[in-house]
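All remarks here apply to the structure that follows.
The values are calculated or read from the model by the stated rules, or taken from the named source; none is laboratory data. Everything numeric here is computed off the predicted structure, so don't read it as measured data. With ideal geometry, Cβ positions are generated from the backbone for all residues, glycine too; neighbour counts draw on all protein chains shown. For accessibility, only protein heavy atoms count, side chains too; no ligands or nucleic acids. Shrake-Rupley method; radii C 1.70, N 1.55, O 1.52, S 1.80 Å.
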Amino acid sequence: MHIEIWSIGKSNEPIFDPAVKDYTKRIAKFIKIEWQLFKNSNGDTPAIILQKEGSLLLEKLRSDDCLFVLDRAEGKALNSELFSKMIEQHIEKTHFKRIIFLIGGAYGLDKTILVRANMKISLSTLTFPHQLVRILLAEQLYRAFMVMKNIPYHH
């Protein structure tokens, strides 16, 4: 079992990179974690872009993947304790080989991906730059493991 964070968009700008690397290093003490960056697709319209990105992602997903998508509008808002509990429960389910957190592109995610998702999660109803969402998600994952392991960090 390991965690992968998939993100559609450009690579981290230098201002964001140290934070992402720091949290990744911290999380790696508890579970294997990898990042996968997919470039934005080109297309005439947002619908075509979403369809292209959706097709690419569906090709990469396996049937034994647990997919959590970040969805500002339809995602479930969880506090940090519930987020931690949810991750812990999914780690214990042996039929999943990977837990994938997916951060959508500029236009969100194609409906085929939203249908495939095991759960939609909202970090906030606010709109954030994708690169900042990477940091927010990484910090919440680190916090989740600290809560799971009962290590002082979360107040």
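Exactly one residue out of Leu70, Leu50 is among the hydrophobic types (A, V, I, L, M, F, W, C), open to solvent by less than 80 Å² (accessible area, probe 1.4 Å) and under 17 Å from the mean Cα position of the chain (by Cα): that is Leu70.
Any idea which residue in the stretch 8-20 is farthest from Val69 (Cα to Cα), counting only those that are open to solvent by 100 Å² or more (accessible area, probe 1.4 Å) and in contact with a helix residue (DSSP H, G or I) (Cβ under 9 Å, 6 or more places away or on another chain)? Taking the candidates together, the pick is Ile15.
Results for (1) in contact (Cβ under 8 Å) with a residue 12 or more places away in the chain; (2) in contact with a strand residue (DSSP E or B) (Cβ under 7 Å, 6 or more places away or on another chain); (3) among the hydrophobic types (A, V, I, L, M, F, W, C); (4) under 28 Å from Glu92 (Cα atoms), shown as yes or no for each residue.
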{"site": "Trp6", "(1), (2), (3), (4)": "yes, yes, yes, yes"}
{"site": "Ser11", "(1), (2), (3), (4)": "yes, yes, no, no"}
{"site": "Pro14", "(1), (2), (3), (4)": "no, no, no, no"}
{"site": "Tyr23", "(1), (2), (3), (4)": "yes, no, no, yes"}
{"site": "Ile33", "(1), (2), (3), (4)": "yes, yes, yes, yes"}
{"site": "Asn40", "(1), (2), (3), (4)": "yes, yes, no, no"}
{"site": "Thr45", "(1), (2), (3), (4)": "no, no, no, no"}
{"site": "Gln51", "(1), (2), (3), (4)": "yes, no, no, no"}
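Considering His90, His95, the condition of being without any contact (Cβ under 8 Å) to a residue 40 or more places away in the chain and touching a Cys at 6+ places or on another chain (Cβ under 8 Å) is satisfied by His90 alone. Scanning the stretch 76-124 for residues that are surrounded by 21 or more Cβ atoms within 10 Å (Cβ to Cβ) and acidic (Asp, Glu) yields a single hit, Asp110.
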